Structures are given as C-alpha cells and as structure tokens.
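The numbers here are math on the coordinates, done by the rules we state, and not lab data. Bear in mind that the values here come from a model prediction, so they are computed numbers and not experimental data. Note that each Cβ is placed from the backbone with ideal geometry, even for glycine, and that neighbours are counted across all protein chains shown.
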Amino acid sequence: MYDVVIIGSGPAGLTAGIYGKRAGLKTLIVDKSPVAGGQITSTYEIDNYPGLPKLSGAELGAKFQEHAKQLEVEFAVASVTEIEDKKDVKVLHTNKDDIETKTVIIATGATHRHLGVPGENELTGMGVSYCATCDGAFFRNKDVAVVGGGDVALEDALFLARTSAKVYLIHRRDAFRGAKILEDQVRSTENIELVLDSVVDEVVGDGMVESVSVSNKKTGEKSSIKVNGVFMAVGIIPNTDGLNGLPEVNEGGYIVAGEDGVTSISGVFAAGDVRTKGLRQVITACSDGANCITSVSHFIENSK
C-alpha cells in the first residue's frame with residue numbers, strides 16, 4: 001500500500017515524487033515510458049527555468065530524475081488503464097499489476113495537437129514534424145514552414161531561423177497569441193516571413209514534403225509555398241485517453257483542478273499540463289507537483 005502513486009514522470013510527476021519522499025510518504029511514480037522527463041526531453045534548450053539557463057530539456061529531465069532516485073523514489077514502467085475509487089483505497093489497474101494507494105496524482109501531461117489536413121499524417125516523419133528542436137537539424141539551409149501563433153510557434157520559428165534558409169510562419173489570424181518579446185524577435189528576424197490570415201489546406205509531397213497549400217481567409221486567395229519541412233505548433237491536448245475513472249474534465253479534456261491539485265474525486269489530484277491552468281511551463285508543472293503533495297499530506301492526515 002502506497003501513500004501516493006504518481007501517474008507520469010514529467011516535471012510535475014518528478015517534483016511530486018521528490019516532495020513526497022521528503023514528506024515521508026511511501027511514493028511510487030508510474031509511467032509507460034522508461035525515460036523520465038516527459039515532453040521536455042525533446043526540447044533543445046530551456047532558458048526560462050530559474051538558475052539553470054541554457055540547459056537542454058533532456059538534461060533538466062535527467063537532473064529531476066536523478067534527484068528523485070537519490071531520495072529513493074520508486075519507479076515502475078506500466079500503462080495505467082483505470083483509477084478505481086474504493087473510497088479509502090484507490091486501485092490503479094495497469095497493463096501489468098494492480099497497485100493500491102491511499103492517494104493518486106495524475107501528472108500525465110499533454111501532447112501536440114494535429115492540424116488535421118490532407119498529407120499531414122502521410123508525411124509525418126518525412127518532413128512533417130511536431131518538434132522543431134528535435135528535427136530542425138535535418139533542415140539546415142532549407143526552407144521550412146511553422147504553423148501556429150502561440151509561444152511555441154514563435155519559439156520554433158526563431159529556433160529554425162538559426163539554421164534554415166527561410167522560415168514561413170503561417171498563422172490564421174493577423175495577431176499572435178504569444179509573448180510580445182517573442183513576436184518582436186520574430187518580426188525582426190530577416191529570414192522569417194509572416195504569412196498571416198492564412199490556413200494550411202494541404203501538405204503536399206511524394207514521399208517527402210515538397211510544399212504547403214495555403215488559403216488567405218480574408219481574400220480567399222490560394223497559394224503554394226515550397227518548403228522541405230512543416231512544423232506544426234497548433235496547441236496541445238491532455239494525455240487522458242485510455243485512462244478510465246478520471247475526475248471531472250472540461251470541454252478540452254483537461255482535468256478540472258486548481259493550484260492545490262484537488263479534483264472532483266476525493267484523494268485524487270492533478271498536476272502539470274493535464275490540469276486546467278493558464279500557463280503550461282516547466283516551472284508551473286513543478287509548482288503543481290509540490291502543491292499536490294501538500295494536498296496529499298493534508299488529505300492523509302485528515303483521513304486518520
């Protein structure tokens with residue numbers, strides 16, 4: 001019987017594990033992947049985590065995991081399929097064994113959203129990518145497109161502009177949702193061309209990406225932009241598919257929970273990108289993990 005089982009080994013889950021052990025709780029982290037760190041492991045450089053500038057996501061994730069292991073947090077590689085609420089006990093059904101625990105923290109994170117246009121799925125891995133920092137090196141001195149208008153899209157465009165010949169930033173509106181400082185950097189970068197008020201209709205290519213078909217939403221004008229790669233940065237979706245027994249979720253599928261991680265199911269908490277929140281960054285995920293353990297500790301103490 002564990003005091004707390006954490007589903008997910010990203011920054012939120014690993015922080016919860018660290019804080020759990022420091023709080024004297026019998027703690028287990030369960031993840032379907034043997035590589036801890038979550039989504040950040042594919043990030044080339046993290047420059048907004050205080051005290052550790054210019055660190056890659058993989059390096060930061062490894063540091064989090066090393067810290068947890070030093071504190072003797074237990075890890076298990078398994079896919080959780082259901083959270084069964086038996087009031088005083090929660091039973092996690094996995095593809096291996098059942099796990100009993102007093103409390104659960106769901107920290108499964110989120111994944112990249114697909115655009116859903118013809119050619120996207122067929123050419124994924126053949127020029128279509130969802131991670132500029134992972135695949136950008138393959139497009140050195142080539143022309144690429146980035147689709148999106150938030151922080152990730154702006155960051156991807158800036159990252160790719162370092163090595164690509166030309167970067168087309170395609171956005172369906174004429175204003176960006178991302179941080180103003182990022183927008184200013186994008187607008188001042190010579191080899192980034194803005195394609196605004198426009199949507200991608202199709203990704204075109206025979207075996208490899210050759211171009212994107214684009215429509216201007218205001219004028220109706222259609223055009224073709226020759227590129228070797230297309231980087232989709234159109235948002236993320238919470239990783240809750242295939243996990244039954246979830247607490248209340250909103251229309252986007254995110255688990256409804258505040259900073260304390262408390263959900264609609266007593267003894268079940270949510271942390272990181274999977275919960276409802278305004279900012280999804282490494283630092284807020286870590287904060288969530290710490291806050292959840294405080295909530296878990298109070299819950300266990302009040303249950304005695």
Sparse-neighbour loop sites [trypsin sites (Lys or Arg not before Pro); the stretch 3-67; at most 15 other C-beta within 10 Å; DSSP]:
LYS26, LYS54
Report for the stretch 128-232 the percent antiparallel among DSSP-assigned beta bridges with both residues inside it, nearest 5.
45 percent
Free-standing Cys, the chain [no other Cys Cβ under 4.7 Å]
CYS286, CYS292
Order 77-88, 156-167 from most to least packed using the mean count of other Cβ atoms within 10 Å.
156-167, 77-88
On a 0 to 90 degree scale, rounded to 10, what angle separates helix 151-161 from the longest Cα axis of the chain?
50 degrees
If the only charges are +1 at each Lys and Arg Cβ and -1 at each Asp and Glu Cβ, what is the size of the charge dipole of the chain around the Cα centre, to the nearest 20 debye?
440 debye
Karplus ³J(HN,Hα) for the stretch 81-94 (6.51 cos²θ - 1.76 cosθ + 1.60, θ = phi - 60°; Hz, whole; x = Gly/Pro) runs 9, 7, 9, 9, 8, 10, 6, 6, 10, 10, 10, 9, 8, 10
So which of LYS21/LYS87; LYS54/LYS226; LYS90/LYS304 end up more than 25 Å apart, counting from Cα to Cα?
LYS54/LYS226
Largest first and to the nearest Å, give the Cα extent of the stretch 130-278 along each principal axis.
53, 35, 34
At a 10 Å Cβ-Cβ cut-off, how would you order MET208, MET126, MET232, fewest neighbours first?
MET208, MET126, MET232
Counting other beta carbons within 10 Å of each Cβ, put ILE181, ILE255, ILE105 in order, fewest first.
ILE181, ILE255, ILE105
Taking other Cβ within 10 Å of each residue's Cβ, how do CYS292, CYS286, CYS134 sort, fewest first?
CYS134, CYS286, CYS292
